[in-house]
1. With the structure loaded, tell me whether Gly106 is open to solvent by 20 Å² or more (accessible area, probe 1.4 Å), part of a loop (DSSP other than H, G, I, E, B) and touching a strand residue (DSSP E or B) at 6+ places or on another chain (Cβ under 9 Å) or whether it fails that test.
2. So, in segment 174-202, exactly how many residues are out of contact with any His (no Cβ under 8 Å at 6 or more places or on another chain), over 21 Å from Leu403 (Cα atoms) and open to solvent by 20 Å² or more (accessible area, probe 1.4 Å)?
3. In the list Ser100, Ser80, Ser115, which residue meets the criterion of being of a type in the set (S, T, N, Q) and under 22 Å from Asn370 (Cβ atoms)?
4. Out of the residues in segment 109-118 that are surrounded by 13 or more Cβ atoms within 10 Å (Cβ to Cβ) and not in a loop (DSSP other than H, G, I, E, B), state the one that is nearest to the chain's Cα centre (by Cα).
5. Just to be sure, is Ala84 at pLDDT 95 or above and either of a type in the set (Gly, Ala, Ser) or surrounded by 20 or more Cβ atoms within 10 Å (Cβ to Cβ) (or both)?
6. Scan segment 127-165 for residues that are open to solvent by 40 Å² or more (accessible area, probe 1.4 Å) and not basic (Lys, Arg) and report the count.
7. Can you run down the residue pairs with Cβ atoms below 7 Å, 6 or more apart or on separate chains, where the first is in segment 160-178 and at positive phi and the partner is in a strand (DSSP E or B)?
8. Can you give me the number of residues within segment 266-295 that are exposed (fewer than 13 other Cβ atoms within 10 Å of the Cβ) and within 21 Å of Ala235 (Cβ to Cβ)?
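The values are calculated or read from the model by the stated rules, or taken from the named source; none is laboratory data. Note that the structure is a prediction, hence the values are computed from the model and not measured. As a convention, Cβ positions derive from the backbone with ideal geometry for all residues, glycine included, and neighbour counts pool all protein chains shown. Note: accessible area is taken over every heavy atom of the protein model, side chains too, but ligands, DNA and RNA are not part of it. Shrake-Rupley method; radii C 1.70, N 1.55, O 1.52, S 1.80 Å.
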Amino acid sequence: MEKLLDRFLRYVAVDTQSDPDSQTQPSAERELDLLRMLRDELLAMGIEATLDEYGYVMATIPSNCSKDVPAIGFIAHVDSSPDASGKDIKPQIVENYDGSDIPLKGVEGLSLKVSDFPELLNYQGQTIITTDGTTLLGADDKAGIAEIMNAVQYIVEHSEFKHGDIKIGFTPDEEIGRGVVKFDVAKFGAQYAYTMDGGAVGELEYENFNAASATVRIQGRNIHPGYAKGKMLNAILIGMELNSLLPVGQRPELTDGYDGFFHIIGFNGTVENAEFSYIIRDHDMDLYELKKAFLEKCVAFINEKYGEGTATVEIKHQYYNMRKVVEPHYHIVEIARKAMEMEGIVPDVKPIRGGTDGANLSFMGLPCPNIFAGGHNFHGKMEFVPLESMEKASKVILNILRLFAE
């Protein structure tokens, strides 16, 4: 049986960064490199598996028990975030972690500091996998992929393990909000599913943000600076002024729990034209709508001050809070909770401060809570994952299947 660590390292070696500017699906051809690999590995284990034109790998392990058991799916996404490079990843393996700062040897002077990330101390004595400081790691969500595949291999090699129909799904483009746009829920065939896409050990989530993206464009007026008085409209400064109208206390770095936020994620501009990119998030639907309306009011204020057409905004919905469609099937959350407790894990049921493929799938008729994959500091060079957390996640998958089959 291939070791979980070796499997994970094989997967993170494949560059699968999705491309938010692409209109294709998958958004980047490189995502197919890992998708084909996963399909072929499933086929090699004797499992029926397909890869369709949209980049969805779907596989089925038929039931081997006589009772009527619902088909259960496990899903993870192959793409890594566009927020940091996912190419030429050089993982560091820190065995028997001693509780000290971890140097990221690819960048002089850079380290994972316990003072910045005190959760490191929860993993003393364990094996921690980090980046070298030049790329992200890709545990989001290749840890989830490795955990699912590790569980699949166990099931294939242990015919005595009783289970109902098992459905496996791997998707592209989750990080850019398009992961399941063309996912065929009926074809997948699961009654319930779980995404293995959460963070630290114990995380169990069936609530997520309502989410939108927003692009604000500023039309300035460029005049020679020596003769600009009363004439120039500096698009950069006007955009900065608009940004200053947004509530400071509703920035990601100042929010937690059920707090929503406005998050500026990109800027590009000259005196003549500027573009500001945002994401808008809130768990509460009414507050979510108010946030979108507030940004539109800010744009209206700028236009009133500088002239109509100075600022425009395009707001695009991304996903909704899945709580209202998962809660009627709350037993699937309870089963996941019990599956964790069977491994000595204290479940941490809380809202996702983000989103998963499971949110959209839940609204497509496939209730789909989210389970921890074990990683920390996703989307950046400080990303790390303890090996023991991944091992526990893989065991939780098996426990869920056992509980449904009882």
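1. Details: open to solvent by 20 Å² or more (accessible area, probe 1.4 Å): yes; part of a loop (DSSP other than H, G, I, E, B): yes; touching a strand residue (DSSP E or B) at 6+ places or on another chain (Cβ under 9 Å): yes.
Considered against the rule, which asks whether it is open to solvent by 20 Å² or more (accessible area, probe 1.4 Å), part of a loop (DSSP other than H, G, I, E, B) and touching a strand residue (DSSP E or B) at 6+ places or on another chain (Cβ under 9 Å), Gly106 comes out as yes.
2. 9
3. Values: Ser100 fails: under 22 Å from Asn370 (Cβ atoms); Ser115 fails: under 22 Å from Asn370 (Cβ atoms).
On inspection, the qualifying residue turns out to be Ser80.
4. Here is the first cut: in segment 109-118, the residues surrounded by 13 or more Cβ atoms within 10 Å (Cβ to Cβ) are 110-114, 117.
Still in the running and not in a loop (DSSP other than H, G, I, E, B): 111-112.
Details: Ser111: 24, Leu112: 22 Å.
In this case the residue turns out to be Leu112.
5. Numbers: at pLDDT 95 or above: no; either of a type in the set (Gly, Ala, Ser) or surrounded by 20 or more Cβ atoms within 10 Å (Cβ to Cβ) (or both): yes.
In short, no.
6. Step one: of segment 127-165, the residues open to solvent by 40 Å² or more (accessible area, probe 1.4 Å) are 134, 154, 156-160, 162, 165.
Those still in the list that are not basic (Lys, Arg) too: 134, 154, 156-160, 165.
Summing the residues that are open to solvent by 40 Å² or more (accessible area, probe 1.4 Å) and not basic (Lys, Arg) in segment 127-165 gives 8.
7. Gly177/Gln318; Gly177/Tyr319
8. 3
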